[in-house]
Structure formats: structure tokens, C-alpha cells
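The structure follows.
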Amino acid sequence: MPQRRKVVVCRDLGPDVMPTLLNHPELEVIVWPENSSCDRKWLLENAPGASGILVLLSEKVNAELLDAAGPNLRVVSTMSVGYEHADIPELAKRGVKFGYTPDVLTDAVADLSIMLALMAGRNTKETTEIWPNFVWSPFAFCGPQLSATSTSPTRTAGFIGFGRIAQATLARLVPFGFTHCLYTANPSTPPNPAADAQVAAKYGVKEVRRVDMAELARESDVVFVLAPGGSKTYHIVNEEFLKQMKKTAVLVNTSRGTLVDSDALAKALHEGWLYGAGIDVVEGEPNVDENHPLVKAPRCVVLPHIGSATTETRIGMATLAVNNLINGIFGRPMPAELSVSR
């Protein structure tokens with residue numbers, strides 16, 4: 001019988017997924033035993049000799065960890081779409097493969113994006129805190145209606161980033177009467193009006209058009225932040241952008257907290273530059289408490305990064321992360337491998 005390969009798993013992935021690892025005859029599986037972020041000291045002590053390591057967003061994959069693991073390490077697999085916690089150039093330098101979990105969470109995040117647009121527009125932050133001292137009045141807590149009305153028959157959605165999740169969100173907006181879609185894209189990607197027309201036809205809207213940030217801010221009834229993180233998109237939603245938004249508009253961020261300047265958004269909400277915001281990701285999370293500027297801001301719904309938090313999605317993500325790990329260890333094609341070529 002061949003020698004078993006050592007793998008380190010930074011969280012128990014549950015009864016639907018863990019047996020794939022634990023029952024594998026060629027793997028020796030070491031699992032962080034707590035239902036909490038993996039202790040760094042524990043991870044470094046258990047990494048030596050590992051062929052594969054499975055991490056979450058809370059684990060930093062850097063030279064320190066890779067040095068501890070040593071030359072046997074063939075693959076790191078993360079149960080996440082984002083990979084800001086991994087030093088990709090360092091992985092490339094050492095020839096270590098990297099797996100991640102895109103696409104699986106598209107529908108879940110699109111669902112939550114719509115939920116946040118509704119929650120922010122209907123000011124659920126204040127309304128869920130008002131009992132028992134609420135006195136009804138004709139226009140108390142009234143906010144902008146998401147769906148089109150006879151007096152406002154068109155709705156425009158704006159997307160910062162227009163990938164799979166953004167387009168799945170657009171599909172969910174069509175029944176609300178959204179007829180126009182504006183989006184921004186990576187400046188290095190050339191415009192493609194023909195492709196935009198195809199997307200418009202696919203979803204049955206009058207217009208899908210690429211615009212600059214200023215026009216997106218001015219014309220959108222709801223702005224959805226759905227671009228990747230990183231230095232190029234850091235604080236892309238800033239005071240300049242927020243000041244150009246409609247006073248009746250809503251901002252939704254379900255991508256990365258670093259894309260939105262929290263202080264600028266809090267100021268914008270206090271001063272009424274836009275109506276409200278729905279936030280699932282916050283810069284600096286999980287260090288977010290009752291004193292955070294967005295938690296204290298009016299008409300701002302803040303959720304604790306639950307975009308992928310459906311049972312079906314998390315099982316799918318965990319399964320993909322495990323399959324990436326196993327295939328990477330044994331030299332088979334990984335279902336979702338990020339290119340880390342030197």
C-alpha cells in the first residue's frame with residue numbers, strides 16, 4: 001500500500017463533504033478541531049510535510065506558511081471565490097497549485113443583492129428598531145420603491161463590474177420593471193456593443209451599455225458593487241462617486257469591502273447624498289462593531305458577509321474545494337484552478 005499523503009484542513013466541512021477526505025485510502029487528514037478560525041500556531045505546527053492544505057478566507061497563505069509546509073506541498077485549496085488572503089506570486093515561485101470556488105455561489109449572491117436593495121430602499125434598519133415607540137404617520141420611513149410604477153415606469157440598474165453575479169442580479173431585476181442596465185468594466189477590456197446588445201436581448205431589457213463611473217452614478221436607481229478586489233478597485237466608490245448619485249438611489253455592495261470607502265459612505269448617508277445602502281462586506285471585517293461608521297450610519301443595512309450562506313451553496317463550495325485539493329495532490333486536472341504561472 002502506498003504511503004498516505006498528508007493534508008491539513010482548516011475547518012470541518014460537515015457531514016456531506018468531510019467523508020470524501022476522511023475515507024480516502026491514500027490521505028492522512030488532519031483537521032482543525034474547533035468551529036472557529038484556525039489557530040495560526042496550530043496550522044504552522046501541522047503544516048510540515050503536507051501535500052495539500054485547505055484554507056478559508058481567514059487563513060493567510062504566505063511565505064511563512066509555505067516555508068512551514070516544505071517541499072512536499074503540491075496544492076493549496078481555498079473555500080472561497082476571493083483569494084486576497086493568498087500570496088499568488090509566492091505560490092507561483094514554488095510551483096504550488098491553487099484552487100478556489102468560483103461560480104458555485106452566483107445565484108446565492110445575486111439573491112442577497114436583491115434582498116439588500118429591498119432592505120435598504122425600505123429602510124429596514126430603522127423600522128426594525130422602532131417598536132414599541134412608533135407613531136404612524138403618512139410618510140414615515142418611506143423610501144424609494146424598487147419596482148417600476150405608473151409615475152416612474154423605468155428603472156436603471158448600475159453595475160460596477162459585470163460578470164456572472166452581476167448578470168444573474170440583472171435577471172432578477174427584470175420582473176421589478178428594470179429596463180436599462182449600465183455597467184463599468186476593466187479599462188483594459190475594449191468596449192463590445194454587439195455583446196451588450198446580446199445581453200440586452202437575453203434578459204429582455206431595452207439597454208445594456210458600458211459607461212464611465214460618473215454616468216453610472218448619475219443615472220442609476222440602484223448601484224451594485226460586484227467587481228473584484230485588489231489595488232485597482234480600492235475605494236472605487238468614494239466621495240466623488242457618491243456625491244454624483246441620485247438622492248433616491250441605493251448602493252449595494254456584495255463583493256469586497258475594500259471597494260467602498262466606509263467613511264465616505266457613512267458621510268454620504270448622514271448628509272443625504274443617496275437614500276440608503278445595503279452592505280454584506282465591510283473593509284476590515286470581521287473587526288466590525290457597533291461603533292463602525294457604517295453600523296452607525298442611517299439607512300444602512302450591514303450584514304456579516306453572508307452572500308454565499310445557503311446550505312446548497314456552502315456544500316457546493318466545500319465539495320469543490322475538496323475536489324480541487326484531491327486532484328491537485330494526485331496530479332489530475334483541478335475543477336477550478338487559478339493560474340499561478342510564473
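For the stretch 133-174, give me each residue that is in contact with a Phe, Trp or Tyr (Cβ under 9 Å, 6 or more places away or on another chain) and β-branched (Val, Ile, Thr).
Of everything in the stretch 133-174, those that are in contact with a Phe, Trp or Tyr (Cβ under 9 Å, 6 or more places away or on another chain) and β-branched (Val, Ile, Thr) turn out to be Thr154, Thr156, Ile160, Ile165, Thr169, Val174.
Among the numbered criteria (1) surrounded by fewer than 19 Cβ atoms within 10 Å (Cβ to Cβ); (2) farther than 30 Å from Lys6 by Cβ, which single criterion is violated by Gly82?
Of (1) surrounded by fewer than 19 Cβ atoms within 10 Å (Cβ to Cβ); (2) farther than 30 Å from Lys6 by Cβ, only one is false for Gly82: (2).
Filter the stretch 164-197 down to the residues that are modelled with pLDDT of 95 or more and among the small types (Gly, Ala, Ser), then identify the one that is surrounded by the fewest Cβ atoms within 10 Å (Cβ to Cβ).
Checking each candidate, the answer is Ala194.
Could you grab the pairs with beta carbons closer than 7 Å, sequence gap of 6+ or different chains, first residue in the stretch 45-70 and at positive phi and of a type in the set (Phe, Trp, Tyr), second one outside any strand (DSSP E or B) and at pLDDT 95 or above?
none
Checking the structure you have, find out if any residue of the stretch 261-269 is in contact with a helix residue (DSSP H, G or I) (Cβ under 6 Å, 6 or more places away or on another chain), part of a loop (DSSP other than H, G, I, E, B), outside the structural domain of Gly95 (by TED's automatic domain parsing) and crowded, with 18+ Cβ neighbours inside 10 Å. I'd like the intermediate steps shown before the answer.
First, the residues of the stretch 261-269 that are in contact with a helix residue (DSSP H, G or I) (Cβ under 6 Å, 6 or more places away or on another chain): 262-264, 266, 268.
Right, trim to part of a loop (DSSP other than H, G, I, E, B) and you get none.
No, there is no match, as no residue in the stretch 261-269 is in contact with a helix residue (DSSP H, G or I) (Cβ under 6 Å, 6 or more places away or on another chain), part of a loop (DSSP other than H, G, I, E, B), outside the structural domain of Gly95 (by TED's automatic domain parsing) and crowded, with 18+ Cβ neighbours inside 10 Å.
Being under 26 Å from the mean Cα position of the chain (by Cα) and more than 25 Å from Glu285 (Cβ to Cβ) is the filter here, so list the residues in the stretch 32-65 that pass it. Break it down stepwise before answering.
Residues of the stretch 32-65 under 26 Å from the mean Cα position of the chain (by Cα): 32, 34-40, 43, 52-63, 65.
Selection gives Gly52 alone.
One line per residue, one yes/no per condition, for (1) within 30 Å of Leu27 (Cα to Cα); (2) within 14 Å of the chain's Cα centre (by Cα):
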| site | (1), (2) |
| --- | --- |
| Asp263 | no, no |
| Asp289 | no, no |
| Arg299 | no, no |
| Gly307 | no, yes |
| Gly331 | yes, no |
| Ser339 | yes, no |
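The values are calculated or read from the model by the stated rules, or taken from the named source; none is laboratory data. It should be emphasised that the depicted structure is a prediction, and the values quoted were computed from it without experimental measurement. A quick note on method: Cβ atoms are made from the backbone with ideal geometry, for glycine too, and the neighbour counts reach across all protein chains shown.
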